[in-house]
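The structure appears right after this line, and notes come after that.
The values are calculated or read from the model by the stated rules, or taken from the named source; none is laboratory data. Please read all numbers here as calculations on a predicted model, not as lab measurements. Heads up, the Cβs are rebuilt from the backbone with ideal geometry, glycines too, and the neighbour counts pull from every protein chain shown.
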Amino acid sequence: MKSFRDKRRDGRPHPARAEQSRPREAFAAGRQQATPAERRETKPADRQEARPAPRVLARREGTLPAERLPLILEVAPNADYALLDSGAGEKLEQYGPYRIVRPEGQAIWQRALPAKEWERADAIFTGDTDEEGIGRWRFPKAPLGETWPMKHDGIDYLGRFTSFRHVGVFPEQASHWDHMAGLIAAAKRPVKVLNLFGYTGLASLVAARAGAEVTHVDASKKAIGWARENQEMAGLADKPIRWIVEDAVKFAEREERRGSRYDIVLFDPPAYGRGPKGEVWQLFEDLPGLTDLCRSILTPKPLAVVLTAYSIRASFFAIHALMRDTFAGMGGTVESGELIIREKSAGRALSTSLFSRWVA
């Protein structure tokens, strides 16, 4: 997935976004994604008990970092992954040997490929979901196992059919992975990377292969187990990766107290979720504090901090302003925009998430 281009988009500012159509699965983030039923059943008193005291924030002094926006980071079709077609609320993807059909709420246009191409799919997420978020897969040709071998830029890992329609990897993140690997290689010194909400570990494996010492944090034991399995499959078992099952915010707070510092911090929080001990996460309430924490645990000569935001009603201008304020006095540049996947059939761009990154 190494083929991508950085593009500037001209024209008016991006309007307020509709909520993305892809909630993170229960184990996909450093705080687990809460189901709709859990949100309704959580009483205000319970929520207060589970939430720690908010971090006291003060506006950072100093000149704001330079800015570059909007920046569109694009993943193009390649031998490992391709968005073959999209439309009518679905997307047709090629993951290694398999064609997969999944829901995609933003694909409001019409399909470009004929129906016979879609009918060649090996796996289809049926969309039959109840309020708890559990879904099912249908295999038109032959039953498939839970996992299958995949590859990203020479790194082997396992794709997975999960009950929340995801497949164990978010291919649009390849743009961030390649950028990070370049920073690590160019530093020509030991680099420490912290990957919060690390999921199944592709970013951590890319960083480790590039030469970094990596700390990978996720609240889900299952996700950490899959990430370790991916490390073995990739032949990177000898690389220095710490796998931590922990609430992302609590871990970052502990690192701050211990004086642990990192050159690169990645964080990809859910819109709403719970930690392993019931800690409640609300993106718009808690993101400013976590962003401030990420700055506080940087080394004296840091390289980058990368924030990705899925499934939120916002413009990238909101997280762009937060990042510039948080990194005031640090110099560098804050780059913000969207991650997109370029479709193979008609060349349309499918936007998947917002991002903002500070680069020294």
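Looking at 321, 328, 314, 349 in this structure, which one is surrounded by fewer than 18 Cβ atoms within 10 Å (Cβ to Cβ), farther than 24 Å from residue 65 by Cβ and not assigned by TED's automatic domain parsing to the domain that holds residue 107? Spell out the reasoning first.
On the way: 321 fails: farther than 24 Å from residue 65 by Cβ; 328 fails: farther than 24 Å from residue 65 by Cβ; 314 fails: farther than 24 Å from residue 65 by Cβ.
Just one listed residue meets the conditions, 349.
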Answer residue from segment 223-241, given it is part of a loop (DSSP other than H, G, I, E, B) and without any contact (Cβ under 8 Å) to a residue 12 or more places away in the chain and is nearest to residue 166 (Cα to Cα) among those:
237
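Among the residues of segment 262-285, write down those that are hydrophobic (A, V, I, L, M, F, W, C) and either out of contact with any strand residue (DSSP E or B) (no Cβ under 9 Å at 6 or more places or on another chain) or under 27 Å from residue 177 (Cβ atoms) (or both). Don't jump to the end; show me each part of the working.
We begin by selecting, within segment 262-285, every residue hydrophobic (A, V, I, L, M, F, W, C); these are 264-267, 271, 280-281, 283-284.
Correct list: 264, 265, 266, 267, 271, 281, 283, 284.
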Could you please find all residues in segment 229-261 being within 18 Å of residue 291 (Cβ to Cβ) and within 19 Å of the chain's Cα centre (by Cα)?
247, 248, 249, 251, 252
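Being touching a Lys or Arg at 6+ places or on another chain (Cβ under 9 Å), of a type in the set (S, T, N, Q) and part of a helix (DSSP H, G or I), is that true of even one residue in segment 247-264? Spell out the reasoning first.
Kept after step one, since they are touching a Lys or Arg at 6+ places or on another chain (Cβ under 9 Å), are these residues of segment 247-264: 247-250, 253, 255, 260-264.
The next check asks that each one be of a type in the set (S, T, N, Q); those that pass are 260.
Those still in the list that are part of a helix (DSSP H, G or I) too: none.
No; the residues of segment 247-264 include none that is touching a Lys or Arg at 6+ places or on another chain (Cβ under 9 Å), of a type in the set (S, T, N, Q) and part of a helix (DSSP H, G or I).
Residue 113: in contact with a strand residue (DSSP E or B) (Cβ under 6 Å, 6 or more places away or on another chain), on the phi < 0 side of the Ramachandran plot, not assigned by TED's automatic domain parsing to the domain that holds residue 324 and not in a strand (DSSP E or B), yes or no?
Numbers: in contact with a strand residue (DSSP E or B) (Cβ under 6 Å, 6 or more places away or on another chain): yes; on the phi < 0 side of the Ramachandran plot: yes; not assigned by TED's automatic domain parsing to the domain that holds residue 324: yes; not in a strand (DSSP E or B): yes.
Yes.
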Please enumerate the residues belonging to segment 272-306 that are in a loop (DSSP other than H, G, I, E, B) and more than 25 Å from residue 359 (Cβ to Cβ).
275, 276, 277, 278, 279
